[in-house]
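One structure is given here, and the rest of the page talks about it.
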Amino acid sequence: MPPRLKALRLATSLLSRSHASPITPFLAPFLLPTQQRSASILSALSDNKGAYSKNIRKGRGPSSGKGKTAGRGQKGQHAHGKVPAGFQGGQTPLEITTPVRGRNKYNPFKVEMSSVNLDRIQSWIDQGRLDPSKPITMKELHKSRCLHGVKRHGVKVLARNADQLKTAINLIVSRCSEQAIARIEAVGGSVTTRFYSPTSIRRVLRGDSHPAISLQADAELLARAVNPAKLGKAVVAPLQAAIEAPDTPEEVKIAAMKAVLAKVGERYKYRLPDATSRKDIEYYRDPAHRGYLSWTVKEGENASLFFKPPGEAKDRKKQLAKKAAAKATADNRLF
């Protein structure tokens, strides 16, 4: 720290004395104030440690820390040129000679679902934690803590201690086992399986998407899944009346469905997606799985997208004969 001037020290001592001399009031305007800061403090100002980092300047001399060989070391392939990422010197890569096998191997086609059994659902109903008068979806199962988290492909219902289920329930989940479907329908309930993407599951649990209604849902699913308290009885009542009356015109039913879908679009932030891959579409088209797309399968067809009725299959020999005749006719033409 640079030494202060003697005159400044003298002025400071004069102002700080309680028994000032008679000339002090006259000298005060010309003297400096008591508190002074050294110029060396201003020159030492700096940012907090770690607030920023300097760029590494390779090959800019020894003071940069990366001078001379620029951090590459001496000689060798890495010093003389570039080496592709993952290059192992030309040998057979280790991921080929010693691949990952067993449970830790990554499988992109693996289906991961959270399982819940019928005995646990009945226990939650007995405790009053699930309301059997309303549709039971993954959102209700998660909110009531019947499920502790939902995996990336949804919820599958299994049939452990199926005889304990005594209450008729309306279940809407990703998948359901054959024994569980049989037991739920035996006590007067219903099961509907529908598609959920990993993103849509998070949105359903947050309340940003409806847990069951999408564009490809049929009228029966709409009537079972809607909540009149949230969407309004004026919107839901026409659809329920159209389903209960067997002679309702198709135009009236479609208009009621459109009104419900429009109200759902206003109420929720995101639309629930439908199945797009062939594997998912065929699964939810199967009536045995109680899929929500089973209404698209006509009588006499199966869930496969490649199904062709026997009457539409054409004789291959007739096709070949017709092609040969057309080719022969084309060869005989002059122009």
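Results, tabulated for the structure shown:
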quantity: Mean ellipticity per residue at 222 nm, deg cm²/dmol - from DSSP H runs of n ≥ 4 across the chain, formula -39500 (n - 2.57); calculated: -10500 deg cm²/dmol
quantity: Alpha carbon convex hull of the range 95-180, volume per residue in cubic angstrom; calculated: 113
quantity: Cα-based convex hull, the range 150-215, per residue volume (Å³, whole number); calculated: 97
quantity: Candidate lysines - alpha carbon under 16 Å from residue 322, same-chain residues fewer than 8 apart omitted; calculated: 314
quantity: Proximal lysines relative to residue 82, as straight alpha-carbon distance under 29 Å, when same-chain residues fewer than 8 apart are discounted; calculated: 54, 58, 66, 68
quantity: Rounded FRET efficiency, nearest 0.05, which uses the C-beta distance separating residue 296 from residue 205 and R0 of 25 Å; calculated: 0.35
quantity: Estimated FRET transfer efficiency when R0 is 41 angstrom, pair residue 52-residue 77 (beta carbons, to 0.05); calculated: 0.75
quantity: The range 103-146: radius of gyration and largest Cα-Cα distance (Dmax), Å; calculated: 14.4, 43
quantity: Restricting the range 227-276 to trypsin sites (Lys or Arg not before Pro) in coil, as DSSP defines it, with at most 11 other Cβ within 10 Å; calculated: 269
quantity: More than 17 angstrom apart: percent of Cα pairs within the range 186-236; calculated: 46
quantity: Estimated D of the range 210-272 in µm² per second, where Rh is the Kirkwood radius over Cα pairs and Stokes-Einstein applies at 10 °C, 1.306 mPa s; calculated: 136
quantity: Sequence-distant aspartates and glutamates (8 or more away, or on other chains) whose Cα lies within less than 19 Å of residue 134; calculated: 119, 126, 185, 218, 220, 244
quantity: Taking the chain and dividing mean pair separation by its residue count, relative contact order in percent (alpha carbons under 8 Å, at least six apart); calculated: 10
quantity: Cα-centre dipole for the range 116-255 with unit charges at Cβ (Lys and Arg positive, Asp and Glu negative), debye to 20; calculated: 960
quantity: For the chain, radius of gyration divided by Kirkwood radius, i.e. Rg to Rh on alpha-carbons; calculated: 1.36
quantity: Magnitude of the charge dipole, the range 210-272, Cβ model with Lys/Arg +1 and Asp/Glu -1, debye to 20; calculated: 500
quantity: Qualifying GluC sites (Glu not before Pro) for the range 188-285 [loop in DSSP, other Cβ within 10 Å: at most 14]; calculated: none
quantity: Sequence of 87, 109, 307, 195 when ordered by accessible area, the most exposed leading, probe 1.4 angstrom; calculated: 109, 87, 307, 195
quantity: Share of pairwise Cα separations in the range 193-305, more than 26 Å, in percent; calculated: 23
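The values are calculated or read from the model by the stated rules, or taken from the named source; none is laboratory data. If you're wondering where the values come from, they're calculated on a predicted model, not measured in any experiment. Virtual Cβ from ideal backbone geometry, glycine too; neighbours counted across all protein chains shown. The area values use the complete protein model at the heavy-atom level, side chains included, leaving out ligands, DNA and RNA. Shrake-Rupley method; radii C 1.70, N 1.55, O 1.52, S 1.80 Å.
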